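Right, one structure below, let's go through it.
The values are calculated or read from the model by the stated rules, or taken from the named source; none is laboratory data. Predicted model only: the values in this text are computed from it and were never measured. Ideal geometry is used to build each Cβ from the backbone, glycine not excepted, and the neighbour counts take in all protein chains shown.
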């Protein structure tokens, strides 16, 4: 619980006891780094080559990460080196973010979710708990992703060719959705809970099922939503 | 690993090194609080307003939680303030319970599961690993919930209207089930693994599929179970 | 963060600060044990009977575990007593392995995955993030298991009869697959993402859907894979 802050780190925020901040990491003003977090964890290659045996040596291996101002990084989060959290990002407990991930201003990522490689999360996106986003996933602005949604990046695993999933701005992805590698989800599209998405979804379409097929559109979804909210 | 115990806390149980107990939390007799746990974590509003920068300040913000006697809270659990664990509750590793959750006597919650808001778990319920129960979920007595089951609370996410899922006493929910917001599952009902439950399930019915439909009933399930157990 | 190393433990590898190593555990040469890990965690029976209240007492209860040489055990992992990790095993963050699990040489287990009982993972198997493998699961050599796949071990839960799932060598299991208790998956079989596998799968078959049915075979999968990789 004593924690560790690298001499190379620049912390202007509030860092609790028990946090580990490695490398030339930067923590912005009014940001809260909770107990039992790690910021700037070294990538796999460095871990294998560098053979660390202490936090000092782990620190030396780390290039650090950048956490903006007004962020919250809750307990149990592990943020790799070369990650950028823009201002106002909020993380739940136990979030894992691998090297190269970028989370834009005001986005939230829920407890237990993993950004497993170079993942981009757009402004004010709302990623719920236990969501898995692998290397190359791109999530647009103000996208909502329900809990237990799992994106993939390999059509014929395990292969050497990883392909991205791109989720357009304002899309809504329900809980427990599986999205296959290479799929593009258009802006404003809606994916019903439990769907398996195997091909591209056009903008503003509502798809459902396994495999997911168009059954309605965003306009009707919003109509039903208004009735539901006022009901 | 030094841990922290609030001066306001009343601990009659066994608290390991590395546990963090905040606010006026109570820990009952013969209860074991493991390493790397947090009891009484402050709610989001307090974290945003209170701007803590240390365990002392986190402690000051916390209203504490109540853990009964003869409980086990394993490593990595994060229990928010205003949570009640009744006597004999047992948690796996890394369980997250948000503010307002209540777990009744003798219930178990498996590793990595999340009670993400005001969730009620009935007596002797058995919630397996990696189960997600959002705000407002109510789970009856002696209910079984298999791993990876995901309950939702918003029919048209993200909306401002959250609705509860209620699971009746003695119901059996298989692994990897998705239950949509607002659904009532009758007492004694059985939900087959991998089902997507989009509408209410009558008591004692066995449902299966996506969307889940009645295919059998509890009596036949119990008959098959007896044959299976003796086979 | 001070960690704890049992006087009974034999550590030839590199153990970071904040690691907890209990009982007569062995850590091989050139193995890295990360911060916030626990090796040799006592089983449930011992925890209930032994009533530990400190790391010293937890240590006394533990029979220890064996971690081979050239392994990586990343932060947040909890390895129970009587677990064996063979040489060259690599674990992600927050992996949970219960008593009696065995992981063979060169296998990898991804972040957040659980081996929840006596589970066997074969040589060079590749288990991705957030995979759930319950008591009695056997995974063959060089098997690939995608993220969020959930294996079960009870056909009529909760019963007193647990049955194994066996996954043959070289099988490929996609993301978000559910495999029911008692199922045998033949060597070289391929299970498409999101499938629910309710009966045995013959070797070299490709199955898909809910319930999963044969739709192709491994040879055609490999043909498509070659085209995909060169495309």
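Is it fair to say residue A:203 is under 21 Å from residue C:174 (Cα atoms) and assigned to a loop (DSSP other than H, G, I, E, B)? For residue A:203, the condition - under 21 Å from residue C:174 (Cα atoms) and assigned to a loop (DSSP other than H, G, I, E, B) - is not met. No other residue among C:154, C:87 is part of a loop (DSSP other than H, G, I, E, B), away from chain A (no Cβ under 14 Å) and under 24 Å from residue B:195 (Cα atoms) apart from C:154. When B:129, B:113 are checked against the criterion of being free of Cβ contacts under 8 Å to residues at least 60 places away in the same chain and within 11 Å of chain A (Cβ to nearest Cβ), a single residue qualifies: B:113.
Please go through the stretch C:172-215 and give me each residue that is in contact with a strand residue (DSSP E or B) (Cβ under 7 Å, 6 or more places away or on another chain) and at positive phi, ordered by number. Within the stretch C:172-215, C:176, C:194, C:204 meet the criteria. Return the residues of the stretch A:157-166 that are in contact (Cβ under 8 Å) with a residue 24 or more places away in the chain and outside any strand (DSSP E or B); say none if nothing qualifies. Result: A:162, A:163, A:164, A:165.
Residue count for the stretch B:157-166 under the criterion of being within 14 Å of chain A (Cβ to nearest Cβ) and either surrounded by fewer than 20 Cβ atoms within 10 Å (Cβ to Cβ) or modelled with pLDDT under 95 (or both): the result is 6.
Is at least one residue of the stretch C:16-31 out of contact with any strand residue (DSSP E or B) (no Cβ under 9 Å at 6 or more places or on another chain), over 27 Å from residue A:129 (Cα atoms) and free of Cβ contacts under 8 Å to residues at least 12 places away in the same chain? No, every residue in the stretch C:16-31 fails to be out of contact with any strand residue (DSSP E or B) (no Cβ under 9 Å at 6 or more places or on another chain), over 27 Å from residue A:129 (Cα atoms) and free of Cβ contacts under 8 Å to residues at least 12 places away in the same chain.
In this structure, does residue B:66 turn out to be away from chain A (no Cβ under 12 Å) and surrounded by fewer than 21 Cβ atoms within 10 Å (Cβ to Cβ)?
Working: away from chain A (no Cβ under 12 Å): yes; surrounded by fewer than 21 Cβ atoms within 10 Å (Cβ to Cβ): yes.
So residue B:66 passes the test.
Only a single criterion out of (1) farther than 24 Å from residue B:96 by Cβ; (2) within 11 Å of another protein chain (Cβ to nearest Cβ); (3) at pLDDT below 95 is not satisfied by residue A:22, namely (3).
Out of the residues in the stretch A:87-106 that are under 9 Å from the mean Cα position of the chain (by Cα) and over 21 Å from residue B:76 (Cα atoms), state the one that is surrounded by the most Cβ atoms within 10 Å (Cβ to Cβ). So, considering only residues that are under 9 Å from the mean Cα position of the chain (by Cα) and over 21 Å from residue B:76 (Cα atoms), the one surrounded by the most Cβ atoms within 10 Å (Cβ to Cβ) is A:103.
Here residue C:39 meets the list (1) part of a loop (DSSP other than H, G, I, E, B); (2) surrounded by 24 or more Cβ atoms within 10 Å (Cβ to Cβ) almost entirely, failing just condition (1).
Looking at C:218, C:184 in this structure, which one is in contact (Cβ under 8 Å) with a residue 12 or more places away in the chain and either within 14 Å of residue C:146 (Cβ to Cβ) or more than 14 Å from chain A (Cβ to nearest Cβ) (or both)? Show your work before the answer.
Values: C:218 fails: either within 14 Å of residue C:146 (Cβ to Cβ) or more than 14 Å from chain A (Cβ to nearest Cβ) (or both).
Just a single option satisfies the conditions, and that option is C:184.
Each row is one residue, and each column tells you yes or no for (1) within 11 Å of chain C (Cβ to nearest Cβ); (2) touching a residue at least 12 places away in the same chain (Cβ under 8 Å); (3) under 16 Å from the mean Cα position of the chain (by Cα).
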site: A:36; (1), (2), (3): yes, yes, no
site: A:48; (1), (2), (3): yes, no, no
site: A:51; (1), (2), (3): yes, no, no
site: A:57; (1), (2), (3): yes, no, no
site: A:77; (1), (2), (3): yes, yes, yes
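Could you check the stretch A:167-191 and list, in sequence order, the residues that are surrounded by 20 or more Cβ atoms within 10 Å (Cβ to Cβ) and not in a loop (DSSP other than H, G, I, E, B)? Talk me through it step by step, then tell me what you get.
Restricting attention to the stretch A:167-191, the residues satisfying the condition of being surrounded by 20 or more Cβ atoms within 10 Å (Cβ to Cβ) are A:167-168, A:170-183, A:185, A:188-191.
Of everything in the stretch A:167-191, those that are surrounded by 20 or more Cβ atoms within 10 Å (Cβ to Cβ) and not in a loop (DSSP other than H, G, I, E, B) turn out to be A:167, A:172, A:173, A:178, A:179, A:185, A:190, A:191.
Among all residues of the stretch B:52-71, there is none that is modelled with pLDDT of 95 or more, touching a strand residue (DSSP E or B) at 6+ places or on another chain (Cβ under 7 Å) and more than 19 Å from residue B:98 (Cα to Cα).
Inside the stretch C:132-148, can you point out the residues that are facing another protein chain (nearest Cβ under 9 Å) and either assigned to a loop (DSSP other than H, G, I, E, B) or surrounded by fewer than 24 Cβ atoms within 10 Å (Cβ to Cβ) (or both)? Hits for the stretch C:132-148 are C:144, C:146, C:147, C:148.
For the stretch A:189-211, filtered to residues that are touching a residue at least 24 places away in the same chain (Cβ under 8 Å) and within 14 Å of chain B (Cβ to nearest Cβ), the residue that is farthest from residue A:143 (Cα to Cα) is A:193.
Taken as a whole, the structure leaves residue B:188 outside the set of residues that are more than 23 Å from residue C:152 (Cα to Cα), at pLDDT 95 or above and more than 16 Å from the chain's Cα centre (by Cα). With respect to the conditions (1) under 27 Å from residue C:75 (Cβ atoms); (2) at pLDDT 95 or above; (3) assigned to a loop (DSSP other than H, G, I, E, B), residue B:29 falls short on a single one, namely (1).
For the stretch C:90-113, how many residues are under 28 Å from residue A:20 (Cβ atoms) and in a loop (DSSP other than H, G, I, E, B)?
The initial filter retains those residues of the stretch C:90-113 that are under 28 Å from residue A:20 (Cβ atoms), namely C:90-98, C:101, C:103, C:107-113.
Okay, now just the ones that are also in a loop (DSSP other than H, G, I, E, B), so C:92-95, C:98, C:101, C:107, C:110-113.
Qualifying residue count, the stretch C:90-113: 11.
In the condition set (1) crowded, with 18+ Cβ neighbours inside 10 Å; (2) part of a loop (DSSP other than H, G, I, E, B), residue A:53 is compliant with all but (1).
Every listed requirement among (1) within 25 Å of residue C:81 (Cα to Cα); (2) at pLDDT 95 or above is met by residue C:144 save one, (1).
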